[in-house]
Amino acid sequence: MSNLHTTALVVFCVLFMLVTLAGFWAARWRRPDAGMHSLEEWGLAGRSFGTWITWFLIGGDLYTAYTVIAVPAAMYGAGALNFFAVPYMVFAYPYMMLVMPKLWQVCHRHGYVTMADFVRGRYGFRWLTVAIALTGILALMPYIALQLVGIKVVIGAMGVHGEWPLAAAFVILAAYTYSSGLRAPAVIAIVKDFMLYAMVLVAVVWLPIKLGGWAHIFTLANTALAAHKPAGSVLLAPPQYMGYITLAIGSAIALMLYPHTATAVLSAGSANTVRRNAAMLPAYSILLGLIALLGFVALAAGVETKESSMVIPLLFLKMFPEWFAGFCLAAVAVGALVPAAIMSIAASNLFTRNLWGEFVRTPMLPHQESNMAKLVSLVVKLGALVFVLKLPAPYAIEMQLLGGIWICQIFPAVMVGLFSKWLHPWALLAGWAVGMGSGTAMAVAMGLKSSVYPVPGIGPMYAAVPALVLNLAVAAVLTVVFRGMGAGMALDRTDAAAYVE
């Protein structure tokens with residue numbers, strides 16, 4: 001241990017344990033008399049959450065520890081380009097209002113637990129279902145790992161090093177997720193949000209007062225960014241416009257396609273609950289904008305580190321009393337527990353229903369599905385822990401770049417499929433393969449250091465967007481070809497009435 005911040009560590013541990021107890025208590029909260037012996041009960045909390053619980057759950061799901069650490073760290077390192085995380089929410093919530101209530105209606109009508117379930121019912125094509133499920137799991141694994149990286153960073157900032165603190169956090173996370181299912185992150189999300197709002201509101205009021213005001217902060221930040229290699233700025237340069245716009249659009253598309261987003265949405269009690277949340281969630285965008293600006297605050301405060309992920313923890317420890325720094329770092333760690341739990345549940349739902357369940361000869365009974373999902377959720381979290389402990393942190397970040405590109409490629413099958421069944425399932429599978437391959441190739445060409453690729457004749461673009469355009473083009477052209485050849489389509493097993501508002 002070095003530079004041990006004892007007071008901050010004590011406050012952190014006390015708050016972390018209180019939140020852990022809340023996670024275990026959640027096993028009894030609103031639990032049905034029959035217990036959680038089905039995937040719908042364990043993995044979706046019986047689709048019973050009202051407006052406020054859903055709001056906290058989706059907010060806790062979308063605004064993760066990685067968000068709190070990585071967004072301001074990116075602003076600290078490169079400046080305005082990384083502010084795209086705020087406007088992409090402007091696209092995301094109208095998009096959510098349009099498509100997610102319809103997805104909820106169809107899935108509720110047919111008992112679907114995952115987006116891959118919906119694709120199976122809509123197109124009746126096993127291999128497309130498997131592709132959707134695999135894409136979701138592949139995109140989630142590095143995302144879960146990044147939540148554990150967030151916990152590792154805040155613990156390390158307080159002077160505690162080694163593998164055991166992260167292993168202890170893993171055991172806690174695994175235990176209450178196994179016992180409580182989706183109810184655990186729902187309860188913890190409420191606590192997490194109050195802590196996070198308190199942290200941000202104090203930070204954006206108190207720190208500017210100490211540093212001479214926002215105008216002075218922006219001036220100092222701009223000077224510091226100009227000295228970086230490559231140089232950054234608090235304002236976008238014209239060559240960055242296309243990358244900024246496509247990052248915002250592509251990230252909005254990806255956000256609603258991640259399996260953990262679907263899990264949170266499908267746990268709502270009604271389609272109207274989803275609509276109300278689409279109207280209320282922009283409050284989190286305000287929070288995100290304030291969090292992002294902390295990167296400039298760190299520049300103005302003279303925080304220096306070669307590890308960008310340490311920027312926010314070091315800022316808090318430098319500028320706040322230790323007891324409040326401990327509170328803030330606990331808020332970040334709790335912010336990792338909520339999405340990590342939901343993500344592991346979402347991945348286990350996909351594996352149980354759409355990989356294992358797709359190939360077993362005898363359909364599993366409800367209690368068999370829930371028992372398998374519980375075990376798979378442990379394996380998923382263990383895999384993420386091994387990833388974090390055995391590989392350098394940049395690997396998780398690089399894989400997460402790919403994850404965002406990959407998850408966009410299920411858009412034609414899922415989101416287009418909600419409004420039209422015109423696209424042929426074989427064409428959708430071919431488009432998916434082209435999108436996955438081209439998106440991965442663009443990211444690899446950038447050395448997995450950036451997801452912005454210089455598209456010839458257009459300029460720098462978020463790789464997910466041109467890959468998705470290719471995906472859609474291939475799917476559309478091949479659909480015309482297949483239909484011209486008279487290739488039949490499987491029976492749509494979804495009820496047409498479920499698509500009507």
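Rule-based calculations on the coordinates, nothing more; no lab input. Treat the numbers as computed from the prediction; the structure is a model and nothing was measured. Counting neighbours? That spans all protein chains shown, and the Cβs are built from the backbone with ideal geometry, glycine included.
Is the shape of the stretch 13-151 best called rounded, prolate or oblate, per the rule: a/c under 1.5 gives rounded, else a/b larger than b/c gives prolate, else oblate, with a ≥ b ≥ c the square roots of the Cα gyration tensor eigenvalues? In terms of gyration-tensor shape, oblate.
Less than 14 Å Cβ to Cβ from L134, Lys/Arg counted +1 and Asp/Glu -1: what total charge do the surrounding residues give? Intermediate results must be reported in sequence, preceding the final value.
Working: positive: R120, R126, R353; negative: E358.
Overall, the nearby charge balance is +2.
Report the longest stretch of the chain that contains none of the trypsin sites (Lys or Arg not before Pro) sitting in a DSSP loop with at most 11 other Cβ atoms within 10 Å. Spell out each step's value before the answer.
On the way: sites that count: K306, R361, K449, R493.
In short, 1-305.
Helix 271-280 and the long axis of the chain differ in direction by around 30°, with both axes built from C-alpha atoms.
With angles folded into 0 to 90 degrees, how steeply does helix 425-445 sit against the dominant principal axis of the chain? Use alpha carbons for both and round to 10. Helix 425-445 sits at roughly 20 degrees to that axis.
How far apart, in nm, are the 7 Å Cα→Cβ label points at A167 and A237? Distance between the two pseudo-spin positions: 4.7 nm. Cα centroids of the stretch 299-351 and the stretch 75-100: 20 Å apart.
Quick one: grab the alpha carbon gyration tensor of the stretch 235-324, order the square roots of its eigenvalues as a ≥ b ≥ c, and give me rounded if a/c is under 1.5, else prolate or oblate depending on whether a/b is larger than b/c.
It comes out oblate by the Cα gyration axes.
Between 0 and 90 degrees, rounded to the nearest ten: what's the tilt of helix 51-62 against the longest Cα principal axis of the chain? For helix 51-62, the angle is close to 70 degrees.
Pull out a ≥ b ≥ c, the square roots of the eigenvalues of the alpha-carbon gyration tensor of the chain, then state rounded if a/c is under 1.5, prolate if not and a/b is larger than b/c, and oblate in the remaining case. Please report the intermediate quantities before stating the final value.
On the way: a/c = 1.91, a/b = 1.29, b/c = 1.47.
Oblate, since a/c reaches 1.5 and b/c is not below a/b.
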